[in-house]
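This report concerns only the one structure given below.
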Amino acid sequence: MNAFAEVGRQARGQVVRLDLGPFRPYLVTHPEHVQHVMRNNWTNYLRVGEIWDPMQRFLGTTLAAEGPDWESSRKALHPMFTARHVTSLTGELADVIAERVDLLDEFARSGRSIDATATMADIVVAVNTTFFFGEKGSLEDGERLVRAFDTAIKCSSIRTIMPSVPASVPLPGDRAFANAVKTIDEVVYPLIRKARAASEDSHDVVSALCRARGEGHDGDRKVRDDLVAALVAGTDTTTHTLAWVWPVLQAHPQVAIRLYDEVDQVVGAGPVRPSHIPELRYTKMVLQEVLRLYPSAWILPRVTGASEEIGGVPIDAGSTVFVSPYATHRLDEFWDRPLDFDPERFSPDIDTRRHRYSYFPFGGGPHQCLGQHLFYIVSLLTIATIVSRFRPRVRNPGPFTPFPGVALRPKQKIELGLVPVERSRHTAR
Ligand code: HEM
């Protein structure tokens, strides 16, 4: 990842062509150019081609595609992801998170470490299962789905690196891929049927999609594709961002002290309530800075429809163009001390006048992330719930370095010890 960021830094905002053997994508990092690709001329920068096609074999062709199918999927999902709707569910999500964090007491008592990534994944799966399926889905359904997503992503990436092999020629991983897709369908279709059969006006995503999409085979297929694509978009991204928080706090004790103080003041011994969320201002700044240095959606590939120039560099039709929050967030030209971790950059009291596209962990333009409100609420609830009860300490030595999977994640396992916080309940506000 360092080498990748270095290419971007040395280009100083110019468009460069990467030399990855036979594959020669362009890397676009200057905020003006990013804005051109993501927003101003987005219809010429398509999510098609050898990187996206294998993923569409299990994500389907609604949200993960382009054109009218993508548009209708986005329209169907949008009402479930507005700030107002997600905020209305904060109490329910807080209860789900508190239940998962209760399970950590045993580790704190016995002194055993937890695996930070696995624990964050456990919380995210529980939250997403509730948010997407309400009472219709069980935790076991959510866990089966996530395991199947992992397999499908791993196996489809084999085809991504061998794009010239036709689908009719078998490759290793094909059978596991087919089984994963079967598992996904075995979990999702019965939940769609349950949602269609239920007469109540539920506020979970599957019910809303069933209301928005037509009935019958075609309608069910669209609901299935919408659900799978949105769940995949929101699972690893949130999990790995939350996992990064702990080594980052360990490496920056002054930041950790301020965050702990804030949670102590706002939440005390807990439980975390919806009214606490807007008050967790510093904790949110820490998350924003984590997303600057470790944006889980670290690369956004596009393919040009027609030839054109970006910043004076001619780009032929059919070329792959990479836009990368990871690279742009580390440019000296747009960030002061870009490699330092400093949440103050996001202080609402500082007038930074940053270019909108110098910071874009959630993308931008018409494909901008639908899940960012959900992400902030879930992450603030998770951090505050854990910190109101424990002081997490990373026990294994770092450094913790980013690994460029489909989502950017810490390469090393993070072993977290949990020291219970002793305080009386009346400190809660
Ligand atoms: C740290 C957390 C997250 C990050 C960094 C993130 C990042 C992104 C980015 C960069 C995009 C744009 C992709 C592109 O332009 O090709 C995107 C799209 C999307 N995200 Fe997120 N996301 C996060 C969490 C979530 C969550 C929690 C959900 C929902 C559960 C979600 C749902 C979506 C959806 C549905 C899209 C597709 C929008 C479209 O294509 O029109 N994301 N996300």
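Put simply, of Asp332, Asp340 the only residue that is closer than 25 Å to Ala3 by Cβ, of a type outside the set (Phe, Trp, Tyr) and in contact (Cβ under 8 Å) with a residue 24 or more places away in the chain is Asp332. Out of all the residues in segment 227-248, is one or more within 15 Å of the ligand (Cβ to nearest atom), in contact with a helix residue (DSSP H, G or I) (Cβ under 6 Å, 6 or more places away or on another chain) and acidic (Asp, Glu)? Among the residues of segment 227-248, not one is within 15 Å of the ligand (Cβ to nearest atom), in contact with a helix residue (DSSP H, G or I) (Cβ under 6 Å, 6 or more places away or on another chain) and acidic (Asp, Glu), which makes the answer no. For segment 347-364, a residue qualifies if it is part of a helix (DSSP H, G or I), open to solvent by less than 20 Å² (accessible area, probe 1.4 Å) and either among the basic types (Lys, Arg) or within 13 Å of the ligand (Cβ to nearest atom) (or both), and exactly one does: Tyr357.
Rundown of residues vs (1) of a type outside the set (Ser, Thr, Tyr); (2) closer than 30 Å to Gly49 by Cα; (3) within 14 Å of the ligand (Cβ to nearest atom); (4) touching a Leu at 6+ places or on another chain (Cβ under 9 Å), yes/no style:
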{"position": "Ser73", "(1), (2), (3), (4)": "no, yes, yes, yes"}
{"position": "Leu77", "(1), (2), (3), (4)": "yes, yes, yes, yes"}
{"position": "Phe81", "(1), (2), (3), (4)": "yes, yes, yes, yes"}
{"position": "Ser88", "(1), (2), (3), (4)": "no, no, no, no"}
{"position": "Leu93", "(1), (2), (3), (4)": "yes, no, yes, yes"}
{"position": "Asn128", "(1), (2), (3), (4)": "yes, yes, yes, yes"}
{"position": "Val146", "(1), (2), (3), (4)": "yes, yes, yes, yes"}
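Would you check which residues across segment 52-75 are aliphatic (A, V, I, L, M) and without any contact (Cβ under 8 Å) to a residue 40 or more places away in the chain and list them? Matches in segment 52-75: Ala65 only.
Residues in segment 264-273 that are under 24 Å from the mean Cα position of the chain (by Cα) and under 23 Å from Pro343 (Cα atoms): Val272 only. Here segment 235-285 is the region considered, the condition is being under 29 Å from Pro397 (Cα atoms) and without any contact (Cβ under 8 Å) to a residue 24 or more places away in the chain, and the residue that is surrounded by the fewest Cβ atoms within 10 Å (Cβ to Cβ) is Gln254. In segment 188-197 there is at least one residue that is buried (at least 22 other Cβ atoms within 10 Å of the Cβ) and under 23 Å from the mean Cα position of the chain (by Cα).
Here Leu63 clears all of (1) assigned to a loop (DSSP other than H, G, I, E, B); (2) farther than 21 Å from Pro166 by Cβ; (3) more than 10 Å from the ligand (Cβ to nearest atom) except the condition numbered (3). When segment 346-399 is filtered for residues that are closer than 28 Å to Lys411 by Cβ and of a type in the set (Lys, Arg), the ones remaining, listed by number, are Arg391, Arg393, Arg395. Residues of segment 17-45 being buried (at least 18 other Cβ atoms within 10 Å of the Cβ), over 19 Å from Tyr359 (Cβ atoms) and touching a Gly at 6+ places or on another chain (Cβ under 9 Å), which ones? Asn44, Tyr45, listed by residue number.
Only helices (runs of 4 or more DSSP H) whose full extent lies in segment 94-180 are considered here, and none of them has at least 3 residues that are among the hydroxyl-bearing types (Ser, Thr, Tyr), buried (at least 16 other Cβ atoms within 10 Å of the Cβ) and over 20 Å from the mean Cα position of the chain (by Cα). Checking each residue in segment 286-310 for being part of a helix (DSSP H, G or I) and either open to solvent by less than 10 Å² (accessible area, probe 1.4 Å) or in contact with a Cys (Cβ under 6 Å, 6 or more places away or on another chain) (or both) picks out Val286, Leu287, Glu289, Val290, Leu291, Arg292, Leu293.
One residue is enough: does segment 386-409 have a residue meeting the conditions among the hydrophobic types (A, V, I, L, M, F, W, C), part of a helix (DSSP H, G or I) and closer than 24 Å to Thr87 by Cβ? Taking every residue of segment 386-409 in turn, at least one turns out to be among the hydrophobic types (A, V, I, L, M, F, W, C), part of a helix (DSSP H, G or I) and closer than 24 Å to Thr87 by Cβ. Say whether the condition of being touching a His at 6+ places or on another chain (Cβ under 7 Å), open to solvent by 60 Å² or more (accessible area, probe 1.4 Å) and either in a helix (DSSP H, G or I) or farther than 26 Å from Ala152 by Cα (or both) is met by at least one residue in segment 73-84. Yes - at least one qualifying residue is present in segment 73-84. Take the conditions (1) open to solvent by less than 50 Å² (accessible area, probe 1.4 Å); (2) closer than 21 Å to Arg100 by Cβ; (3) modelled with pLDDT of 95 or more; Gln372 misses just one of them, which is (2).
The values are calculated or read from the model by the stated rules, or taken from the named source; none is laboratory data. Here the structure is a predicted model, which means the values were calculated and not measured. All Cβ positions, glycine included, derive from the backbone under ideal geometry; neighbour counts span all protein chains shown. With ligands, DNA and RNA removed, areas are computed over all heavy atoms of the protein, side chains included. Shrake-Rupley method; radii C 1.70, N 1.55, O 1.52, S 1.80 Å.
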